[in-house]
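Worksheet for the structure shown next.
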Amino acid sequence: MTTSEQISDPKRQTAAHATGWLAEAGGMVRLATPLALTQLSFMALVLTDGIMMGRLGPDALAAGSLAGHFYGFVEFFSLGLLAAVAPMIAHHLGARRYRQVRRTVRQGFWAAIILAAPATLVIWQIEPLFLLLGQQPDIVAAGAPYLQVMTVGLLPGYWFMVLAEFLAAHSRPRATLIVALGGILLNALLDYALMFGHFGSPALGLVGAGLASAFVNVAMFLALAGVVLADRRFRRYRLLARFWRADWPELARIFRLGLPIGITQLSEIGAFLAAALLMGLLGTTALAAHAIAVQCVAVIYMIPLGIGQAATVRVGYAVGAGDRPAARRAGWTALALSASFALLPIAGFLFLGRPIVGLFLGAPSPATEPTATLAVSLLAFAALFHLVDALQVTTLGVLRGYKDTRVPMLIAIVCYLGLGLCSAWYFGIAAGHGSQAIWTSLAAALLLVCLLYIGRFMRQARRLPDPATA
């Protein structure tokens, strides 16, 4: 049989097509698994703080949650902007532009410094801002010091993420995972000591949780930097060579690509921060129940987020190499994996709501029963929209692999801050339907975002930019 006959054989074409999809699925799982576990590790740090705060009582949990939402609001914008490092490096590797990798990493560190300074100033002004927004003074007074001490670890946390993006772009995220797992253990130990006064430490309450988080950020950055600098495979990049030298064009490219990513993440977390503020207007019980439900949602959200990060790398590499079929295949594979992994947590929220809430509030008691009952009902709402949430964040990762960040930003602003926030205020507060109406409004916004993102991906999959200009 001739070569042309082999190529035109439908059976061989079908087999090759199936092999390509299976190979992509295997590659995606190998990259997404440590990335998702790393994201879960990051959330475990937050979850550890939340569980410890719950042991201090509902008021402390409400204060810590409100402060944590604001910290996340500021941090997510910065980390979103720094997320531009991964697709940029993936494009460089796909196009074999290896010299560009060091430039991108070095200016990623610069971008982190530029972002950390104003973020610290904003966080230190949290108390008057929350009072202006009508939050309860005792809750604000308890949460503000917790936030302020966390700023010590802000810049090291940003630098850690730049190195994590570098490793992810090289499909080597295991070191990040190992360091993050170590961070969980260290954070739990420090929380136990500093919050409750063990091992000779004074009992600092919420401030102790903030100090623990700051110290863990510093330790994790130093550990990951040591791993990267000691790895012979990365020595050729000389990542810290002439670190002080500005590279304004590359820095501008990071901000051009990353600013829409940051605003997109800001819009999403801004909607949930606003929801927390609305819950605060409904009282401490509603705010504490919302805090429990949001932390549980955030934990399972890390799985599709990790899959989306893997999609960014694999799609970005294919786009950089000019391989449109591979980019399209990577995108659809990521969506299929994300949908599959969403089913288990949905079942958990529906059937294990009460035990999950018990992790935060301890043994049932008359004082915590109203919070527990409301939190269980909110978890049922979370189960209903988790599949949509998983698909939207994964599709967003796919679009970043195409370096498509501006249109998704506009979609996020309109849907989250327009539809989601406005309807949450109207139905939850103005119309008096309460916490469940607020969550229903957020779910509607997520559904619209998901549909528009998938439509955008289908459009991008039909066209591929010239790798030279990608």
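FYI, it's all coordinate maths here, none of it is from the lab. For clarity, every value in this text was computed on a predicted model and none was experimentally measured. Positions of Cβ are backbone-derived with ideal geometry, glycine not excepted, and every protein chain shown enters the neighbour counts.
Kindly point out which whole DSSP H helices in the chain project their C-alpha atoms 30 angstrom or further along the helix axis while averaging a Kyte-Doolittle hydropathy of -1.0 or above.
Correct list, ordered by number: 10-56, 58-82, 99-124, 174-196, 206-230, 248-282, 284-320, 369-401, 435-461.
Ignoring the sites themselves, what is the longest stretch of the chain with no trypsin sites (Lys or Arg not before Pro) in a DSSP loop and at most 16 other beta-carbon atoms within 10 Å?
246-461
Applying 1/(1 + (r/R0)^6) with R0 = 25 Å to the Cβ-Cβ distance of residue 365 and residue 129, what FRET efficiency is obtained, to the nearest 0.05?
The calculated FRET efficiency here is 0.15.
Quick one: compute a quarter of the convex hull surface over the Cα atoms of the chain and quote it in nm².
Orientation-averaged projected area of the Cα hull: 23.9 nm².
Pulled fully out, how much extra length does the chain show between residue 25 and residue 324, if you take 0.36 nm times their separation in residues and subtract their Cα-Cα distance?
Contour length minus the Cα-Cα distance gives 106.0 nm.
Using a basic spin-label model with each label point 7 Å from the Cα along Cα→Cβ, how many nm lie between residue 350 and residue 458?
It is 2.7 nm.
Once you place label points 7 Å from the Cα toward the Cβ at residue 141 and residue 98, how far apart are they in nm?
For the pair residue 141/residue 98, the computed spacing is 6.2 nm.
Using a Förster distance of 41 Å, how high is the FRET efficiency between residue 240 and residue 59, based on the Cβ-Cβ distance and rounded to 0.05?
The pair residue 240/residue 59 has a calculated efficiency of 0.35.
In region 81-171, what chymotrypsin sites (Phe, Trp or Tyr not before Pro) fall in a loop by DSSP, with at most 12 other Cβ atoms inside 10 Å?
Passing sites in region 81-171 are 98.
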